[in-house]
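Reading through the C-alpha cells given below for one structure.
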Amino acid sequence: MRLSDLPLPDAAARRLSRLPFMAPPSPADTNRRVLITGGASGLGLALATAFLERGDRVMVADLAPAESRPESIPADARYLRLDVRSEDEWAAARDEIDEVWGGLDVLVNNAGIAQGGRIEMLTEEDWRLITDINLLGVARGCRTFVPMLKKQGRGRVVNTASLAGLVHPPTMSSYTAVKAAVVAISESLRWELEPFGVDVSVICPSFFRTNLASSLNSSDPAAAEFASKLITRAKLDADQIAAEVMLALDAGEFLILPDPDARKNYRAKRLLPAVYAKTMLDMGRKFAAATGKN
Ligand SMILES: NC(=O)c1ccc[n+]([C@@H]2O[C@H](COP(=O)([O-])OP(=O)(O)OC[C@H]3O[C@@H](n4cnc5c(N)ncnc54)[C@H](O)[C@@H]3O)[C@@H](O)[C@H]2O)c1
C-alpha cells in the first residue's frame, strides 16, 4: 500500500485540532491589526492579501529596507523592514506597531528559508543560519509581542512551521529539526497563553509553489535540488494554501494542515506507521541510489 492509496476520510481530519472544552474561537472579526513576517513573497504575501480582502489592517515585514519597499506588497498594506534575526529590529517593529495601531491582534511568524542536505554535508554554518531564521526568528517574534497580547487579553499567534515539522523525510534534517521545534513552541504557547485570552495556531503545509527554493543553499547540491523540485513542482500555490489557512483560523484550529498531502501524511504517520515508514524508506533508498556513496 502507498500513501496515495489510503482510504482515510479527509473532512473529519480537518477538524482534528479543535477541542470542544477550550474557549470557542473569536468571531471572524474584521479590521484586525496583523503583522506578517516574510510577507513580501510566497505564503506571507498570500496571507497579507487574504487578510486585506477580509478588511483587516496588515503590516508586512521583510528584509528589504523601508525605502525600497518590494513592489509585490499590496498598496493598502503597511511595510517595515524586519530581519527576524535582529532583536533590535523586533523591538523597533513593536514600537512602530504600538505607535500606528496601539496594539496587535494577529502575529504571523512566517519568515523562513529552505535547506536540504545529507547530515555529513550540512555545515555548522548551515545549522546556525536556519536555526537563527526559522526557529529563533519565531521565538523572538513571540517574545516581543506576547506581552502586548497578554496585556490586551486577546490576540492570536500564528506560526508557519511545515509538514516537515510533523513528518521527517530524509536529506532535510536541519529543516525538519527547526520546523519540529516551531510546532513544539506553538503547542507550549497554546497552553501557556490560553488563560490570557491569546490563541495560537501552527501552519503545517506540505510543499507548495513559492520562491522558497531560491533560498536553498548548496552545501549539498543533490539534496538542495531534490528539495527544490518538491517546491517548484508542487501541485498547489501559496494563494490556495492561504485560503485554507484563513478558513482554519476562522474555525480556531490549532494545528493547521491546509492541503490534502499534509493531512494524509500526518495521519499515516500516526495511524499507519508501517505504510509511513515504507514511504520514507523508499525515499531514502531512491536518493541513495541516485547519489551513490557520495
Ligand atoms: N513553500 C513550501 O513548500 C513550504 C512548505 C512548508 C512550509 N513553508 C514555510 O512557509 C514560510 C514561507 O515560505 P515561502 O514558501 O512563502 O517562501 P518565500 O521564499 O516565497 O517567502 C519567504 C519570505 O521570507 C523572507 N525572509 C527570509 N529570511 C528572512 C529574515 N531573516 N527576516 C525576515 N524575512 C525573511 C524572504 O525575503 C521571503 O519574502 C517559511 O517559513 C517556509 O519554511 C514553505
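Details
- The slack between residue 290 and residue 168, meaning 0.36 nm per residue of separation minus the straight C-alpha distance, is 41.9 nm.
- Other residues whose C-beta falls under 11 angstrom from the C-beta of residue 208 contribute a net charge of -2, scoring Lys and Arg +1 and Asp and Glu -1.
- When each of 68, 219, 41, 186 is scored by the number of other beta-carbon atoms lying within 10 Å, the sequence from fewest to most is 68, 219, 41, 186.
- Exposure proxy order (Cβ contacts within 10 Å, fewest to most) of 37, 279, 123: 123, 279, 37
- If you take all other residues with their beta carbon under 11 Å from the beta carbon of residue 237, and give Lys and Arg +1 and Asp and Glu -1, the sum is 0.
- A simple spin-label model places the labels of residue 53 and residue 187 3.3 nm from each other, with each point 7 Å out along Cα-to-Cβ.
- When the chain is reduced to its Cα atoms, the Kirkwood hydrodynamic radius in Å: 19.6 Å
- Counted as membrane-span-like here are DSSP H helices of the chain whose alpha-carbon atoms extend 20 Å or more along the helix's own axis and whose Kyte-Doolittle mean is 0.0 or above; these are 136-152, 173-193, 273-291.
- Residues 129, 45, 271 in ascending order of nearby Cβ atoms (within 10 Å, fewest first): 271, 129, 45.
- Between 62, 83, 250, the Gaussian network model of the chain with springs among Cα atoms under 10 angstrom shows the greatest mean-square fluctuation at 250.
- Using only side-chain charges placed at the Cβ, +1 for Lys and Arg and -1 for Asp and Glu, the dipole size of the chain relative to its Cα centre rounds to 1160 debye.
- Near residue 149: Cβ cut-off under 14 Å, other residues only, Lys/Arg at +1 and Asp/Glu at -1. The net charge is +4.
- Stretch gain in nm, segment residue 120-residue 277, where the contour uses 0.36 nm per residue and the Cα spacing is subtracted: 54.3 nm
- Along the chain, the exposed loop sites are GluC sites (Glu not before Pro) outside DSSP states H, G, I, E and B with at most 10 other Cβ atoms within 10 Å, and the longest stretch free of them is 121-294.
- Cα lying deepest toward the dipole's positive end in the chain, options 75, 246, 58, charges on Cβ: 246
- Two-site FRET efficiency, residue 214 against residue 194, from Cβ-Cβ distance with R₀ of 30 Å, rounded to 0.05: 0.20
- Helical mean residue ellipticity (222 nm; -39500 (n - 2.57) per DSSP H run of 4+; nearest 500) of the chain: -14500 deg cm²/dmol
- Listed by chain and number, the lysines whose alpha-carbon sits under 23 Å from that of residue 150, ignoring those within fewer than 8 places in the same chain, form an empty set.
Values quoted throughout were computed directly from the atomic coordinates according to the rules given, and no laboratory measurement underlies them. All of these numbers come straight from a predicted model, not from anything done at the bench. Every residue, glycine among them, receives a Cβ derived from its backbone with ideal geometry; neighbour counts consider all protein chains shown.
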